[in-house]
Every structure is written in C-alpha cells, then in structure tokens.
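Take a look at the structure below.
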Amino acid sequence: MKQAIFSPSKYIQGRGEIGNLGDYFAVLGSRGAYLIVDPFILSVYEKEISSGFRERSISFTLQKFNGECSKNEVDRIVQAMKEKSADVVIGIGGGKTLDTAKAVGFFAELPVVIVPTIASTDAPCSALSVLYTDEGQFDRYLMLKSNPNIVVVDIDVVAKAPERLLVAGMGDALSTYYEARACHRSGALSMAGGTSTIAALTIARACRDVLFADGLKAKLALENKASSKAVENIVEANTYLSGIGFESGGLAAAHAIHNGLTVLEETHHLYHGEKVAFGTLAQLALENAELAEIQETIDFCKSIGLPTTLKQLGVDRTDHDKIRKVAEASCADGETIHNMPFQVTPEDVFSAILVADRLGE
Ligand SMILES: [Zn+2]
C-alpha cells in the first residue's frame with residue numbers, strides 16, 4: 001500500500017512578517033508580485049505590506065478581494081493579472097481570500113505565497129480550494145497540483161484578530177489527531193492519495209498535545225490583545241500541524257458529523273471549528289473511546305469555550321427527527337465517516353451524538 005505526505009514547501013511564522021513578503025517573493029519570482037488582499041487587512045496594513053516591496057524595488061500590484069471565492073472571481077483576477085507583469089501570486093487574508101489566491105495560482109500556473117491573517121482553520125497549507133457560486137453556495141472542491149510554495153504567518157497580525165477565531169481554529173485542530181488515528185487504524189486513504197505516514201500521525205498527535213498544553217494560555221493572552229509563546233504554539237498547531245495532519249493523516253467521523261450539522265439552519269451562526277469540536281466528541285463516543293479520553297477532551301473544550309452540548313450549538317436535544325437528519329447526512333455516500341475502522345450507520349451516529357451531548361453537559 002502506498003503511503004504519502006503533502007506539505008507546503010516552506011512554512012514561516014514570526015512577528016512583523018507581513019513587512020517581509022518582498023523577501024519571500026524574491027525566492028520564487030523576478031518580474032513582479034500580484035497580491036490579492038482582504039479589504040479590511042488592506043485598510044489596516046497597506047503601509048507595512050507595500051513598504052516591504054518598495055524597499056526592495058520590487059514591482060507589485062494590490063488587488064482587493066471581492067468577497068466571494070467563485071470561479072467568476074478567480075477568472076476575473078486571472079484576466080486582470082495578464083495586464084501586469086507578475087510571476088508570483090500572494091494571498092493575504094482569511095479562508096476565502098486564500099482559497100482564491102490558490103485557485104488563481106493554479107489557473108495562471110504561477111507559484112503561490114499564502115499569508116493567513118487569522119488562525120481559525122487548517123486550510124492555508126493544503127492543496128485544496130473550496131469554490132462557491134457568486135451567491136455564496138458551495139460549488140466544488142478544486143484539487144490543486146501542489147500545496148502553496150510558501151505559507152507565511154505574522155503572529156502580530158493573527159494576535160489582533162478576535163479570540164473566538166483562534167478558539168474556533170483550536171476546535172478544527174482538535175479533531176485532527178482523532179481522525180488521523182481512525183484512518184491509521186482503518187488504512188483509509190488521505191487527500192495525499194496514500195495511507196498515513198509516521199510523520200503525519202506524529203504531527204497530528206503533537207497538534208493535540210500542544211492544544212491541551214497551551215490552548216487556555218493562548219486564549220487568555222489574546223483576550224488581552226497580547227501575544228505569547230503559547231499563542232505562537234497554538235498558531236502553529238491550528239495552521240501547520242493540523243494542516244499537515246488532516247491532509248495527510250485523513251479525515252473521519254468528526255468532519256462528517258460537522259457536515260451533517262450544517263443541514264440544520266440553527267447551527268449556521270457557528271464557525272466551522274466550533275461544530276468540528278462537537279463532531280470530535282461525537283466521534284469519540286461513536287468509537288467507544290476510553291471515558292478518560294472523552295472527559296479530557298470535554299474539559300479542554302469547556303476551558304476555552306468550545307461547544308460541548310447540542311444546546312450550545314442551538315439544537316434542541318429532544319428533537320430526535322432533526323438529530324436523525326444530521327446523522328443521516330453524516331453517513332452520506334462519499335462522506336469521510338466511512339474512513340472509520342468499522343461500519344457506521346446513521347443509527348450509530350444518532351446515538352453517539354446524544355451520548356456526547358449528555359457527557360458534554
Ligand atoms: Zn476542518
């Protein structure tokens with residue numbers, strides 16, 4: 001059986017890195033940089049971003065991101081880019097800005113630098129973009145030829161984002177080890193196209209260990225708009241460890257149950273990682289994990305404010321019809337729940353959700 005691991009070629013995080021993008025451009029290109037930037041980030045950091053290129057006399061274009069990662073927006077940028085002398089695409093912002101930059105790089109066949117300004121998901125490092133319609137509905141997954149060439153995280157920028165985003169990122173990162181472990185046990189293929197490697201599983205385990213050790217300390221630092229070693233560790237866990245862990249370790253029940261939860265309107269106010277955290281608890285119940293392991297995971301979620309009950313997700317626990325709908329959607333054909341090391345039915349998931357909810361209380 002083939003084993004495989006994917007990762008960006010370089011991952012860099014540090015303070016003030018948003019002013020150093022000219023250096024990273026120079027590793028990959030010579031003609032010019034084409035920057036696709038989240039409008040809010042552009043309004044706050046335009047000076048820092050621009051001066052990093054001006055000081056090095058590098059030609060650059062700032063393109064404001066229009067708000068939707070759709071094929072039309074991607075095509076519009078690819079066309080606009082042709083009028084500029086650019087040979088590197090740089091995306092600066094949150095998930096949709098970064099997915100747009102990755103897709104632009106893919107269609108224009110240019111190297112990509114990804115600069116996440118929040119640490120709310122593990123998407124920045126992956127070789128995947130999620131495309132939406134112009135109206136914001138899910139369109140399709142775009143599998144890219146390669147991971148970003150360089151991922152650069154400026155800790156100072158991430159530390160200024162609302163702490164709920166970092167906490168949501170910890171929810172997304174929390175699932176990584178348990179899903180990678182399930183895939184390792186079942187021999188399921190990951191997005192890297194092979195079974196898990198020692199490296200991916202070890203990275204996934206380190207991701208969980210860092211969350212438990214530093215999650216609460218990082219959250220408390222951010223509440224005071226301060227950075228710290230714990231914040232740096234959590235940014236690395238949410239972005240890099242979880243990124244490699246999910247892409248090359250594999251996804252299983254936690255993300256499938258997250259997808260199931262999205263069929264309920266009442267969960268739409270929650271971030272991806274907040275729903276994934278509850279999906280993780282439900283996966284642990286589903287696989288009949290040791291009670292101590294479930295308890296330690298619940299304690300962690302509670303300590304940083306991730307939801308552990310259906311009520312916190314806005315779902316009525318007595319509405320069994322709705323919970324059955326979630327369970328059925330979690331078990332749809334092609335869902336990653338079928339990567340679990342045993343057969344899973346909607347009835348099993350229904351029961352696991354209710355048990356997780358009671359334990360989480
Ligand atoms: Zn996720």
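Packing here is the average count of other Cβ atoms within 10 Å per residue, and on that basis the peptides 195-201, 97-103, highest first, run 97-103, 195-201.
A full extension of the chain between residue 262 and residue 133 corresponds to an added length of 44.7 nm, given 0.36 nm per residue minus the alpha carbon distance.
Basic side chains Lys and Arg get +1 at the Cβ, acidic Asp and Glu get -1 at the Cβ, and with that the dipole of region 1-104 about its Cα centre reaches some 220 debye.
Taking 0.36 nm per residue of sequence separation and subtracting the Cα-Cα distance, how much length would be gained by fully extending the chain between residue 217 and residue 145, in nm to one decimal? List each step's numbers first, then the result.
Working: separation 72, 0.36 × 72 = 25.92 nm, distance 3.78 nm.
Difference between extended and current length: 22.1 nm.
Decide, for region 284-357, between rounded, prolate and oblate: order the square roots of the alpha carbon gyration tensor eigenvalues as a ≥ b ≥ c, take rounded if a/c falls under 1.5, and otherwise choose prolate if a/b is larger than b/c, else oblate. Taking the square roots of the gyration eigenvalues as a ≥ b ≥ c, region 284-357 is oblate. Note on residue 322: lysines with a C-alpha under 20 Å away, same-chain residues under 8 apart excluded, are 275, 311. Considering only 263, 312, 211, and ranking their Cα positions along the charge dipole of the chain that arises from unit charges at the beta-carbon of Lys, Arg, Asp and Glu, the one farthest toward the positive end is 211. Hydrophobic, long helices, defined as DSSP H runs whose alpha-carbon span along the helix axis is 18 Å or greater and whose mean Kyte-Doolittle value is at least -0.5, occur in the chain at 39-54, 95-108, 163-186, 198-223, 272-286, 291-304, 346-360. The percentage of C-alpha pairs in the chain whose separation is greater than 40 Å is 12%.
Provide the gained length on full extension for the span residue 299 to residue 317, in nm with one decimal, where the gain is 0.36 nm per separating residue minus the Cα-Cα distance. Walk me through the numbers on the way to the answer.
Values: separation 18, 0.36 × 18 = 6.48 nm, distance 2.08 nm.
Difference between extended and current length: 4.4 nm.
Give me the net charge of residue 264's neighbourhood, meaning all other residues with Cβ under 15 Å from the Cβ of residue 264; Lys, Arg count +1, Asp, Glu -1. Let's see the in-between values first.
On the way: positive: 275, 311, 317, 322, 324, 325; negative: 265, 266, 274, 316, 319, 321, 328, 357.
Cβ neighbours under 15 Å give a net charge of -2.
Overall size of region 190-270 from C-alpha positions, given as principal axis extents largest first: 40, 39, 16 Å. Shape class of region 40-112 from the alpha-carbon gyration tensor: oblate, with a/c at 1.5 or above and b/c at least as large as a/b. Hey, how many Å between the Cα centroid of region 162-191 and the Cα centroid of region 327-354? Centre-to-centre distance over Cα atoms comes out at 17 Å.
For region 113-217, compute Rg over Rh where Rg is the Cα radius of gyration and Rh is the Kirkwood radius from the inverse mean 1/r over Cα pairs.
Numbers: Rg = 15.4 Å, Rh = 15.6 Å.
Reported Rg/Rh (Cα atoms, Kirkwood Rh): 0.98.
Around residue 34, under 9 Å between beta carbons, what's the net of Lys plus Arg minus Asp minus Glu among the other residues? Every neighbour counted, the sum reads 0.
Under a Cβ-only charge scheme (Lys and Arg +1, Asp and Glu -1), can you give me the dipole magnitude of the chain about the Cα centre, in debye to the nearest 20? All intermediate terms of the calculation are to be shown ahead of the outcome.
Values: 34 positive and 46 negative charges, 179 e Å.
It works out to roughly 860 debye.
Pairs exceeding 23 Å between alpha-carbon atoms, taken from 10/47; 102/217; 160/229; 82/145; 84/160: 10/47; 102/217; 84/160. One equal scatterer on each Cα of region 155-206, no solvent, Debye formula: the resulting log10 I(q)/I(0) at q = 0.20, 0.22, 0.28 Å⁻¹ is -0.73, -0.79, -1.01.
Throughout, read-outs are computed from the coordinates displayed, never taken from laboratory work. Because the structure is predicted, anything quoted here is derived from the model rather than measured. Reconstructed Cβ throughout: ideal geometry from the backbone, glycine too, with neighbour counts over all protein chains shown.
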